[in-house]
1. So residue 130 passes all but one of these: (1) assigned to a strand (DSSP E or B); (2) touching a Gly at 6+ places or on another chain (Cβ under 6 Å); (3) surrounded by fewer than 18 Cβ atoms within 10 Å (Cβ to Cβ); (4) not basic (Lys, Arg). Which condition number does it fail?
2. Only residues that are over 21 Å from residue 121 (Cα atoms) and more than 21 Å from the chain's Cα centre (by Cα): list them for the range 156-181, please.
3. How many residues does the range 58-74 hold that are under 22 Å from residue 191 (Cα atoms) and not hydrophobic (A, V, I, L, M, F, W, C)?
4. Give the range 151-193 a look and list any residue that's in a helix (DSSP H, G or I), surrounded by 13 or more Cβ atoms within 10 Å (Cβ to Cβ), touching a residue at least 40 places away in the same chain (Cβ under 8 Å) and not aromatic (Phe, Trp, Tyr), or say none.
5. Looking at (1) assigned to a strand (DSSP E or B); (2) touching a residue at least 24 places away in the same chain (Cβ under 8 Å); (3) in contact with an Asp or Glu (Cβ under 6 Å, 6 or more places away or on another chain); (4) not aliphatic (A, V, I, L, M), which is the one condition that is false for residue 69?
6. Would you confirm, using the coordinates I've provided, whether residue 136 is modelled with pLDDT of 95 or more, crowded, with 19+ Cβ neighbours inside 10 Å and on the phi < 0 side of the Ramachandran plot?
7. Could you please find all residues in the range 23-60 being assigned to a loop (DSSP other than H, G, I, E, B), free of Cβ contacts under 8 Å to residues at least 40 places away in the same chain and surrounded by 20 or more Cβ atoms within 10 Å (Cβ to Cβ)?
8. Looking at the range 81-125 only, could you name the residues that are assigned to a loop (DSSP other than H, G, I, E, B) and touching a Leu at 6+ places or on another chain (Cβ under 7 Å)?
Amino acid sequence: MTPFGSDVRILKSRVRYSTPGGTVAIYEFEGMRPKIGASTYVHPSAEVIGDVTIGEDCFIAPFASLRGDLGGITVGDGTNLQEGCVLHGVTVLGKNNHLTHHAIVHVATTGDNVMLGMGAIVMDFAEIGEGCIIGAGALVLPGTKIPPGKTVVGAPARVIGDVSERARQDYLAGLGHYQTFPRRYALGLKQIG
């Protein structure tokens with residue numbers, strides 16, 4: 001074995017993936033390769049490993065980690081994962097989800113049009129209903145089921161009411177902003193130095 005034996009194995013399992021913005025390292029794991037929509041942008045520093053399916057028009061920001069090594073991960077069309085987001089285990093995100101900085105989803109499910117605030121954590125077998133807003137720093141405990149259209153805050157997380165029209169409009173504005181990024185990053189991001 002060479003001093004670089006483990007690195008050689010890693011490099012052999014690396015899949016070179018071309019996005020409109022350039023080449024990104026995507027990893028095969030035990031024969032499972034990620035499937036990524038043609039109109040999706042994955043930043044070169046993000047990690048996408050194994051059994052991962054990412055839909056169309058998604059934005060995967062720097063340092064996001066999608067580890068499909070302990071079950072499949074599915075990311076619905078139009079969803080964005082901002083810096084430092086982590087998805088692991090059997091995880092399903094609906095369409096048009098807005099996962100803000102450092103949100104974590106572990107072996108859980110979200111419906112369509114869900115927002116996770118900064119640092120929110122959704123734990124094993126939790127189910128977040130369509131149109132929910134999970135506040136920054138919220139800790140959704142294992143097995144929790146949140147009905148559609150609810151606002152959730154706290155650690156442990158609790159429902160504090162229905163999503164207000166103002167909060168829904170703020171979510172849509174933020175989502176719309178991030179949904180411009182796949183095309184903008186593909187055309188406008190250039191490494192310098």
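The values are calculated or read from the model by the stated rules, or taken from the named source; none is laboratory data. Just so we're clear, the structure is a prediction, and the values are computed from it rather than from any experiment. With ideal geometry, Cβ positions are generated from the backbone for all residues, glycine too; neighbour counts draw on all protein chains shown.
1. Among (1) assigned to a strand (DSSP E or B); (2) touching a Gly at 6+ places or on another chain (Cβ under 6 Å); (3) surrounded by fewer than 18 Cβ atoms within 10 Å (Cβ to Cβ); (4) not basic (Lys, Arg), the lone unmet condition for residue 130 is (1).
2. Selection gives 164, 165, 166, 169.
3. 2
4. 174, 175, 179, 182, 183, 186 - these are the residues of the range 151-193 that are in a helix (DSSP H, G or I), surrounded by 13 or more Cβ atoms within 10 Å (Cβ to Cβ), touching a residue at least 40 places away in the same chain (Cβ under 8 Å) and not aromatic (Phe, Trp, Tyr).
5. The one condition residue 69 does not meet is (3).
6. Taking the combined requirement at face value, the residue does not satisfy it.
7. Of everything in the range 23-60, those that are assigned to a loop (DSSP other than H, G, I, E, B), free of Cβ contacts under 8 Å to residues at least 40 places away in the same chain and surrounded by 20 or more Cβ atoms within 10 Å (Cβ to Cβ) turn out to be 34, 46.
8. Result: 82, 85, 89, 96, 100, 103, 123.
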